[in-house]
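I have placed the structure first, in the form of structure tokens, so that the comments after it can refer back to it.
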Amino acid sequence: MNKQAYLSIQARYIESVLYLENEPIDIQTLCRISDYSRDEVVQALAELQLHYADGNHGIEISEFAGGYHFMPKEELWPVLKKNYGRKIDKRLSKSALETISIIAYSQPITKKEVENIRGVSSENVIRLLLEREFIHVLGRKDVLGRPFLYGTTKKFLQDFNLKSISSLPKLDELDKERFDEHE
């Protein structure tokens with residue numbers, strides 16, 4: 001007979017919060033929601049990660065974008081992709097993917113700098129990325145006209161399954177030169 005390990009009440013509560021929120025939640029927010037100390041939340045997360053690490057579950061607790069959430073286990077992605085695909089592929093055109101890539105690798109960056117790299121107008125694509133909350137205004141560049149500076153958001157990290165911007169694939173030399181042209 002299989003001996004079932006029981007989760008602590010703190011781990012079960014944090015598990016429920018992560019399920020209900022359905023987006024990455026940072027430790028500070030989990031502390032506020034649960035009234036648990038930071039140590040209790042960290043311990044509950046560790047307990048959950050261990051619990052979901054065995055071969056009996058198709059999901060795990062993943063950390064990225066500064067928070068924790070449920071995610072299918074990596075070995076299931078090829079099978080799941082057949083039925084669910086990558087949400088982002090369905091939502092963004094090639095020009096939008098190119099623009100978000102430029103912004104991600106070069107942030108903070110102005111619209112004009114994006115256009116210089118792409119060689120075409122990017123106003124509509126940037127508007128779309130703002131509406132979809134993949135990018136946001138970080139501030140203004142201290143030059144004539146004070147144009148907006150754009151950067152990526154936590155939603156971008158989540159939808160592209162990145163823990164942080166440093167998780168982006170490294171650029172080869174040719175791409176680096178292309179992206180550095182705006183500076």
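When segment 100-126 is limited to residues that are part of a loop (DSSP other than H, G, I, E, B) and closer than 21 Å to Pro169 by Cα, the one that is farthest from the chain's Cα centre (by Cα) turns out to be Pro108.
Residue-by-condition table, conditions (1) at pLDDT 85 or above; (2) more than 27 Å from Phe134 (Cβ to Cβ):
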{"site": "Ala46", "(1), (2)": "yes, yes"}
{"site": "Asn56", "(1), (2)": "yes, yes"}
{"site": "Ile61", "(1), (2)": "yes, no"}
{"site": "Phe64", "(1), (2)": "no, no"}
{"site": "Pro72", "(1), (2)": "yes, no"}
{"site": "Leu76", "(1), (2)": "yes, no"}
{"site": "Leu80", "(1), (2)": "no, no"}
{"site": "Tyr84", "(1), (2)": "no, no"}
{"site": "Ile88", "(1), (2)": "no, no"}
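Applying the condition of being modelled with pLDDT of 90 or more and assigned to a helix (DSSP H, G or I) to segment 127-154 and asking which residue is farthest from Glu115 (Cα to Cα) yields Lys154.
Residues of segment 133-148 that are of a type outside the set (A, V, I, L, M), touching a Ser or Thr at 6+ places or on another chain (Cβ under 8 Å) and either in contact (Cβ under 8 Å) with a residue 24 or more places away in the chain or closer than 16 Å to Ser122 by Cβ (or both): Phe134, His136, Lys141, Pro147, Phe148.
For segment 111-142, the candidate set comprises residues that are touching a strand residue (DSSP E or B) at 6+ places or on another chain (Cβ under 6 Å) and crowded, with 16+ Cβ neighbours inside 10 Å; within that set, the residue that is nearest to Phe156 (Cα to Cα) is Ile135. Go through segment 12-25 residue by residue and tally those that are modelled with pLDDT of 90 or more and over 19 Å from Gly55 (Cβ atoms). The qualifying residues number 6.
Residues in segment 1-11 that are at pLDDT below 95, of a type in the set (A, V, I, L, M, F, W, C) and farther than 16 Å from Phe70 by Cβ: Met1, Ala5. What about Leu97, is it part of a helix (DSSP H, G or I), not assigned by TED's automatic domain parsing to the domain that holds Pro169 and not basic (Lys, Arg)? Against the criterion (part of a helix (DSSP H, G or I), not assigned by TED's automatic domain parsing to the domain that holds Pro169 and not basic (Lys, Arg)), Leu97 does not qualify.
The values are calculated or read from the model by the stated rules, or taken from the named source; none is laboratory data. Here the structure is a predicted model, which means the values were calculated and not measured. Every residue, glycine as well, gets a Cβ built from its backbone with ideal geometry; the counts of neighbours run over all protein chains shown.
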